[in-house]
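Asks: Once you've had a glance at the structure underneath, I'll fire off some questions.
The values are calculated or read from the model by the stated rules, or taken from the named source; none is laboratory data. Only a predicted model underlies this, so the values are computations on that prediction, with no experimental measurement involved. Don't worry about glycine lacking a Cβ; one is built from the backbone with ideal geometry, like all the others, and counts go over all protein chains shown. To get the accessible areas, we keep the full protein, side chains included, count just its heavy atoms, and leave off ligands, DNA and RNA. Shrake-Rupley method; radii C 1.70, N 1.55, O 1.52, S 1.80 Å.
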Amino acid sequence: MPRFVLDHRHEASECGVVFASFQGHDSPLRHKATLASCRSGGHAIWWTVEADSEAGALALLPFYVAERTTVAAVNTLDIP
């Protein structure tokens, strides 16, 4: 299955709305650890997900979060 990185950015004032939006959205990303920079002032969140398509990857997020998220198809690479 294809793998994607979801790169979400928001303003400091939007943190509460971003996290609250997950409460009304059934997603396998809920209650899982991921990388974020909100506590250090960066206000970005990154998820690595598997989905059939970019649209499928974004569908894992609530609309409010998805509309502020970019998607990149990724795969593993051995660094020589």
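Asks: Would you mind giving the average projected area, over all directions, of the Cα convex hull of the chain in nm² with one decimal?
Replies: With every direction weighted equally, the projected area is 6.0 nm².
Asks: Carbon and sulfur atoms: what percent of the 1.4 Å accessible area of the chain do they account for?
Replies: 55 percent
Asks: Nothing charged except the Cβ atoms of Lys and Arg (+1) and of Asp and Glu (-1): what's the magnitude of the dipole of the chain about its Cα centre? Round to the nearest 20 debye.
Replies: In total the dipole reaches around 260 debye.
Asks: To the nearest 0.05, how large is the calculated FRET efficiency for ARG30 and THR76 if R₀ is 30 Å and r is the Cβ-Cβ distance?
Replies: After rounding to 0.05, the efficiency reads 0.75.
Asks: With every protein chain present, what is the per residue accessible area of the chain (1.4 Å probe, Å²)?
Replies: 68 Å²
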